[in-house]
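All remarks here apply to the structure that follows.
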Amino acid sequence: MGIYFLLLIVGFCWGQYNPNTVSGTTSIVHLFEWRWADVALECERYLAPNGFGGVQISPPNENVIVTDPWQPWWERYQPVSYKLCSRSGNETEFRDMVARCNNVGVHIYVDAVINHMCGASAGAGDHATCGSYFDANTEDFPAVPYSGLDFNDRKCKSRSGDIEDYQDVSQVRDCRLVSLLDLALEKDDVRSKVAEYLNRLIGIGVAGFRLDAAKHMWPGDLKAVLDKLKDLNTTWFPAGTKPFIYQEVIDLGGEPIQCSQYFGNGRVTEFKYGAKLGTVLRKWDGEKMAYLKNWGEGWGFVPADRALVFVDNHDNQRGHGAGGASILTFWDARLYKMAVGFMLAHPYGFPRIMSSFHWSRYFVNGKDVNDWMGPPSESDGSIKPVTINADTTCGNGWVCEHRWRQISPSPTGGTTAATRWRSAEAIKASSSSTTTSGS
Ligand code: QV4
Ligand code: CA
């Protein structure tokens, strides 16, 4: 069997685990809630020169507009259609961003919300980011189109129709996650509509997908959708390149649904990573940096080539999702810089850096009641542009952790800066001292 044929077969079987980043780049950054115009600018002026491999963007499809509370960040996880218009921009701006980022070797990874549509109580009307009419009461989404027959109501066996018991595998997959209308992905025409959306994005030039709420979809149904996907656009990728797939599966142990059930589809988010690293750096539970010598599978994490790793994400930096109190975020700047620096230095997993916006946290009984607050916005609800200060930090309420000196190796670094720094530090980190000097 010729070597090229063998490589083709390997690519066919393993492509979905490969991040498809330009060689010499080893991480992606989640530019949470950024406008497409700002992502394009950041690719050209900062991410390419500093060796970042790509950007995870917020969901680009039409979502419901929530007014109570006022335009929360999480309204973007309530789809109304797969039209490419959201508070981050329209289809023209999306296409421009993908082309400009690809042209400088920074690839785009789309946060794909395909498990559900909007919340059951979202009402009816055209209060959506493209103005499409929908009716959540009758599960009518004419802009896709989806009708009541395309949802799991008859399959869900819980009393409320929502997920009530995470020990019940069928509930977790076939009932509503916090009342979000749950799509029937065992139906081929639903699979085809989802695949059509993802293939449209692939045709535009994206490099892969974060599959939101993957835990709430049967692995086999996801595979059926992924099997319908085209290869990446040959304008920027070699022929036969598969989209990079990483599935959001929260598995901290103790539930019947586990990350390993999703390995056949692609990588998975390893939530234990951030939770444990935060515990070590905070020196909780008797943990010490010296114990990081066998960091990775030695700590019970998924295999390195199946892991998408991160210190924090858009959920657990504000108490949503999983990870708990040990999660380090930009609010804990000194330890956070150490955590992200260690992640980028250590070879385990494929790293994703969080880039956040500020919000005014307000704790009542230990819970931030402002956890819903959306991105910096103008009075008309439009998202504020990302401004860059003279000292290269960001203004207008954007945190830009990815621009912090300890996280982005050098403002003048070339494309291999991240790799060089990461491998050198990996040696240092693996024979780490017990002190947590930190910057
Ligand atoms: C509330 C009640 C429901 C009630 C409903 C009635 O909780 O019991 O039935 O009102 O209207 C928002 C609100 C939530 C509300 C829901 C529906 O916060 O209070 O339900 O809308 O109106 C994000 C936010 C959620 C948000 C959701 C939809 O985190 O708070 O819900 O978007 O707008 C699990 C999953 C994991 C998930 C994680 C958060 O296994 O997959 O929870 N993480 C992903 C995303 C996350 C997103 C979703 C999934 C949903 O990372 O950002 O949830 O797409 O661990
Ligand atoms: Ca589901």
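Here are a few things to note about the model shown:
- Answer from Gly119, Gly161 - the residue that is of a type in the set (Gly, Ala, Ser), in contact with a Ser or Thr (Cβ under 6 Å, 6 or more places away or on another chain) and within 16 Å of ligand 2 (Cβ to nearest atom): Gly119
- Total residues in the range 98-137 satisfying the condition of being within 13 Å of ligand 1 (Cβ to nearest atom) and touching a Cys at 6+ places or on another chain (Cβ under 6 Å): the figure is 1.
- Some residue of the range 205-226 being over 19 Å from the mean Cα position of the chain (by Cα) and more than 16 Å from ligand 2 (Cβ to nearest atom): no
- So Leu201, is it within 16 Å of ligand 2 (Cβ to nearest atom), closer than 29 Å to Trp36 by Cα and in contact with a strand residue (DSSP E or B) (Cβ under 9 Å, 6 or more places away or on another chain): no
- So Val172, is it within 11 Å of ligand 1 (Cβ to nearest atom), over 25 Å from Arg100 (Cβ atoms), in contact (Cβ under 8 Å) with a residue 40 or more places away in the chain and β-branched (Val, Ile, Thr): yes
- Residue check for Glu91: buried (at least 19 other Cβ atoms within 10 Å of the Cβ), acidic (Asp, Glu) and over 11 Å from Pro59 (Cα atoms): no
- Against the conditions (1) buried (at least 20 other Cβ atoms within 10 Å of the Cβ); (2) at pLDDT 95 or above, Arg45 satisfies every one except (1).
- Top-ranked residue of the range 318-371 - restricted to ones that are of a type in the set (Lys, Arg) and surrounded by fewer than 15 Cβ atoms within 10 Å (Cβ to Cβ), ranked as modelled with the lowest pLDDT: Lys367
- Pairs, first closer than 25 Å to Glu196 by Cβ in the range 68-83, second in a loop (DSSP other than H, G, I, E, B) and within 16 Å of ligand 2 (Cβ to nearest atom), C-beta under 6 Å, six or more apart: Tyr77/Val113; Pro79/Val113
- The condition (being over 25 Å from Thr67 (Cβ atoms), surrounded by 16 or more Cβ atoms within 10 Å (Cβ to Cβ), in contact with a helix residue (DSSP H, G or I) (Cβ under 6 Å, 6 or more places away or on another chain) and at pLDDT 95 or above) is satisfied by just one residue among Val113, Val98: Val98.
- Here Gly395 clears all of (1) at pLDDT 95 or above; (2) out of contact with any Phe, Trp or Tyr (no Cβ under 8 Å at 6 or more places or on another chain); (3) more than 30 Å from Glu93 (Cβ to Cβ); (4) of a type outside the set (D, E, K, R) except the condition numbered (3).
- Of all residues making up the range 147-169, the number that are more than 9 Å from ligand 1 (Cβ to nearest atom) and either in contact with a helix residue (DSSP H, G or I) (Cβ under 7 Å, 6 or more places away or on another chain) or assigned to a loop (DSSP other than H, G, I, E, B) (or both): 14
- Filter result for Arg100 (assigned to a loop (DSSP other than H, G, I, E, B), out of contact with any Phe, Trp or Tyr (no Cβ under 8 Å at 6 or more places or on another chain), basic (Lys, Arg) and more than 15 Å from Asp182 (Cβ to Cβ)): no
- Selected residue (only one of Ala99, Ala112 is within 16 Å of ligand 2 (Cβ to nearest atom) and touching a residue at least 12 places away in the same chain (Cβ under 8 Å)): Ala112
- On the stretch given as the range 303-322, residues that are free of Cβ contacts under 8 Å to residues at least 60 places away in the same chain, small (Gly, Ala, Ser) and within 21 Å of Ser360 (Cα to Cα) total 1.
The values are calculated or read from the model by the stated rules, or taken from the named source; none is laboratory data. All figures in this text were calculated on a predicted structure; none of them were measured in a lab. Note: ideal-geometry Cβ built from the backbone for every residue, glycine included; neighbour counts use all protein chains shown.
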